[in-house]
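Accompanying notes for the structure given below.
Throughout, read-outs are computed from the coordinates displayed, never taken from laboratory work. Given the structure is predicted, the values throughout are model-derived calculations rather than measurements. Positions of Cβ are backbone-derived with ideal geometry, glycine not excepted, and every protein chain shown enters the neighbour counts.
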Amino acid sequence: MAPFIASSDYPQRLVIIWEYDADNLNGMPSTEQSETMKCFEDALDATLDSDRIAVLAFVLTCNGSREWHYYINRVEEVGLRINTALSEFPKLPIHLQVENDPEWEQISLVYQICGV
């Protein structure tokens, strides 16, 4: 991912948020939920990563929520591809938000927290 960090080609950050019921004390998804999320992520990767229309920067999982943070360059095209990729899935408990982050500040913050 290093060649892409702070690239002006990806000025926006797409956050896909999946909220789930955490039936355990650690707030993590169940095995079944994790498997479904893995299939979901694989479908996204197949449609967004092939020509680098988006760069998956990080995934955050805690307290009944998993977030995929992508840096993107064409919001409309990314939306169309996501809809197509997810058309084979049942309705999923996700919502999307797009934010301007041309300096990739969010990933820089994650790196600081992790000591990278």
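Data for the structure
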{"read-out": "Principal semi-axes in Å for the chain [√(5λ), Cα gyration tensor, largest first]", "value": "23, 19, 11"}
{"read-out": "The range 70-106: trypsin sites (Lys or Arg not before Pro) in DSSP loop, at most 12 other beta carbons within 10 Å", "value": "K91"}
{"read-out": "Candidates per GluC sites (Glu not before Pro) in the range 81-116, loop by DSSP, up to 10 other Cβ within 10 Å", "value": "E88"}
{"read-out": "Inter-site label distance for T84 and L60 at 7 Å from Cα along Cβ, in nm", "value": "3.0"}
{"read-out": "Check: the range 12-114 dipole with +1 on Lys, Arg Cβ and -1 on Asp, Glu Cβ, in debye", "value": "80"}
{"read-out": "Residues whose placed amide H lies under 5 Å from that of F58, excluding near-sequence neighbours", "value": "H69"}
